[in-house]
Amino acid sequence: MLPCLPLLLLVTLAASNVMKSPEDLESEMFPPVNPNCTQRLTDYILLRQEIQLSKMAAAEEARTQLMRENLQVLTQVRDTLSQVSETLTQRSQVNGKSLVETRRTCDPPFSPVGDSCLLLNLALKSDWASARQFCVGKGADLARFSDAAGYAAILDYINKINSENDSIDVWLGGTDEALEGTWLWVTGELMPRGPPFWGSTDSYKAAPDGGTSQNCAGLYKRDNYYMHDLRCNGAAAPLCQKL
Ligand SMILES: [Ca+2]
């Protein structure tokens, strides 16, 4: 039975049979291929091709899965960037608005603060009604705010004006005089409630907690200028505001 001869062996046989007839050389150099060997080679090649195709399919599936994962990550990045862009745009618009309105002209002694003009008169300590009257006489009213940003701007202004850190409370334009527990700005709008606006007492009871004896809103110096309900006939400085 003839083996599947390697090429080197065929070359060696050819070199050693130079003097033989062409027919003999052909017979020796190109021996008939064993049918079994041919079948085994074919099976082997087909098996290798099948394995190779299987490996290629697995690699393709892995690549596809990786691309799906990459697509998910890129989608998340895109969504995040979109949100960041939207937030930055909103901030830019807010800042632009604040900038424009901060440039508004405020007649002295009022100062531009946020979206309004403010005047804190530390020299005047009065009850709430007199403080409001003082502000109205200036073409303004006691100060109010609608959100944390407005509250923060007011606190910043007060701390600048009260650089000497005098222990003086500040009147705001809010009261529950008309209906106990219902706190309204002088404009008739509901005041914000809870943190970060209202403070707490020494016993950690949340303001407002003074009942009918405390019906006027002020910024309480002893509690770092958090809002408290105070006695309306107490003494505090008016914080006037022009919108
Ligand atoms: Ca009250």
**Asked** What is the gain in length, in nm to one decimal, between Thr105 and Glu177 on full extension, counting 0.36 nm per residue of separation less the C-alpha to C-alpha distance?
**Response** 22.5 nm
**Request:** Could you pull the accessible area for Arg193 with a 1.4 Å probe, rounded to 10 Å²?
**Result:** 120 Å²
**Message:** I'd like to check one number: the per residue accessible area of segment 111-242, probe 1.4 Å, reported in Å² as a whole number.
**Reply:** 48 Å²
**Message:** What number do you get for segment 111-242 when its Cα radius of gyration is normalised by 2.2 N^0.38 Å, N = residues?
**Reply:** 0.94
**Asked** Percent of accessible area on segment 164-243 owned by carbon and sulfur, 1.4 Å probe?
**Response** 48 percent
**Request:** Starting from the coordinates of the alpha-carbon atoms of segment 107-174, obtain the Kirkwood hydrodynamic radius over all distinct pairs and give the value in Å to one decimal.
**Result:** 12.5 Å
**Asked** Hey, rough spin-label estimate for Lys125 and Thr187, points 7 angstrom out along Cα→Cβ, what's it come to in nanometres?
**Response** 3.1 nm
**Complete:** Interchain or sequence-distant (5+) residues whose placed amide H lies within less than 5 Å of the amide H of Arg231 are none
**Complete:** Counting only protein heavy atoms and leaving out ligands, DNA and RNA, the solvent-accessible surface of Ser130 at a 1.4 Å probe, in Å² to the nearest 10, equals 50 Å²
**Prompt:** Where in segment 158-176 does the label zone of Ala235 land, with the point 7 angstrom along Cα→C-beta and an amide N cut-off under 13 Å?
**Reply:** 167-169
**Prompt:** Which cross-chain or sequence-distant (5 or more) residues have an amide H under 5 Å from the amide H of Leu172, H modelled 1.01 Å from N in plane?
**Reply:** Ala217, Gly218, Leu219
**Request:** For Met191, enumerate residues with amide H under 5 Å from its amide H, sequence gap 5+ or separate chain, H modeled in the peptide plane.
**Result:** Trp183, Leu184, Trp185
**Request:** Report, ordered by chain and residue number, the lysines lying within cross-link reach of Lys125, taken as a straight Cα distance under 19 Å and ignoring same-chain residues fewer than 8 apart.
**Result:** Lys138, Lys160, Lys221
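The values are calculated or read from the model by the stated rules, or taken from the named source; none is laboratory data. This is a predicted model, so every value here is computed, not measured. Positions of Cβ are backbone-derived with ideal geometry, glycine not excepted, and every protein chain shown enters the neighbour counts. Calculation scope for accessible area: heavy atoms of the full protein, side chains included, ligands and nucleic acids excluded. Shrake-Rupley method; radii C 1.70, N 1.55, O 1.52, S 1.80 Å.
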